[in-house]
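Visitor: Before I ask anything, let me first share the structure, which is written out below as structure tokens.
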Amino acid sequence: MFIAATNTVTIHAAPGQVEAVGLMLREMIGSLRDSSGCLSYSAVQSHCNSNLWIVTGHWLTPSDMENHFHNPAQEKYAAFLNCESVRSIEFNCQLFA
């Protein structure tokens, strides 16, 4: 399997909101995982910092990754920014092709 692109979202949950953030992530991961060209898509909670969630997607092509940003499930990231469950959120992408 060759990976041409990755995207990473780092989410710091507000104190006491780790479970709420995890629930929101589980709801959106399934539909994002079904995006065309998705090789894998997951959310994991940090072992070192329980308030930290790391979401990672691996893509067959850069355009597959770019297209997934238009998935309606992406709108839930905006909801994170407007709720009190999240202290901070950071988006990163890397292209390998």
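Visitor: Taking the options Leu25, Leu52, Leu60, Leu95, name whichever one is among the aliphatic types (A, V, I, L, M), modelled with pLDDT of 90 or more and in contact with a Gly (Cβ under 8 Å, 6 or more places away or on another chain).
Guide: Matching residue, one of Leu25, Leu52, Leu60, Leu95: Leu60.
Visitor: A further question on this structure: Restricting to the stretch 58-97, name every residue that is of a type in the set (Gly, Ala, Ser) and either within 13 Å of the chain's Cα centre (by Cα) or farther than 20 Å from Ser40 by Cβ (or both).
Guide: Of everything in the stretch 58-97, those that are of a type in the set (Gly, Ala, Ser) and either within 13 Å of the chain's Cα centre (by Cα) or farther than 20 Å from Ser40 by Cβ (or both) turn out to be Ala73, Ala78, Ala79, Ser85, Ser88.
Visitor: Related question: Any idea how many residues of the stretch 5-46 are touching a residue at least 24 places away in the same chain (Cβ under 8 Å) and part of a loop (DSSP other than H, G, I, E, B)?
Guide: Counting residues in the stretch 5-46 that are touching a residue at least 24 places away in the same chain (Cβ under 8 Å) and part of a loop (DSSP other than H, G, I, E, B) gives 6.
Visitor: Let me confirm something: among Phe91, Phe2, which residue is part of a strand (DSSP E or B) and among the aromatic types (Phe, Trp, Tyr)?
Guide: Just one listed residue meets the conditions, Phe91.
Visitor: If I ask for residues that are touching a His at 6+ places or on another chain (Cβ under 6 Å), under 21 Å from Gln94 (Cα atoms) and among the polar types (S, T, N, Q), which ones from the stretch 6-59 would you list?
Guide: Hits for the stretch 6-59 are Thr6, Ser35, Ser40.
Visitor: Enumerate the pairs (first residue in the stretch 77-92 and crowded, with 16+ Cβ neighbours inside 10 Å; second residue anywhere and of a type in the set (S, T, N, Q) and not in a strand (DSSP E or B)) with beta-carbon separation below 6 Å, excluding pairs fewer than 6 apart on the same chain, so at least 6 apart or on different chains.
Guide: Once the first residue is crowded, with 16+ Cβ neighbours inside 10 Å and sits in the stretch 77-92, its partners that are of a type in the set (S, T, N, Q) and not in a strand (DSSP E or B) give Ser85/Gln17.
Visitor: Here's something else I'd like to know. Of the conditions (1) surrounded by 15 or more Cβ atoms within 10 Å (Cβ to Cβ); (2) in a strand (DSSP E or B); (3) not small (Gly, Ala, Ser), Met65 satisfies every one except a single condition; which number is it?
Guide: (2)
The values are calculated or read from the model by the stated rules, or taken from the named source; none is laboratory data. These numbers were taken from a predicted model, which means no experiment stands behind them. Cβ atoms come from the backbone with ideal geometry, glycine included; neighbour counts cover every protein chain shown.
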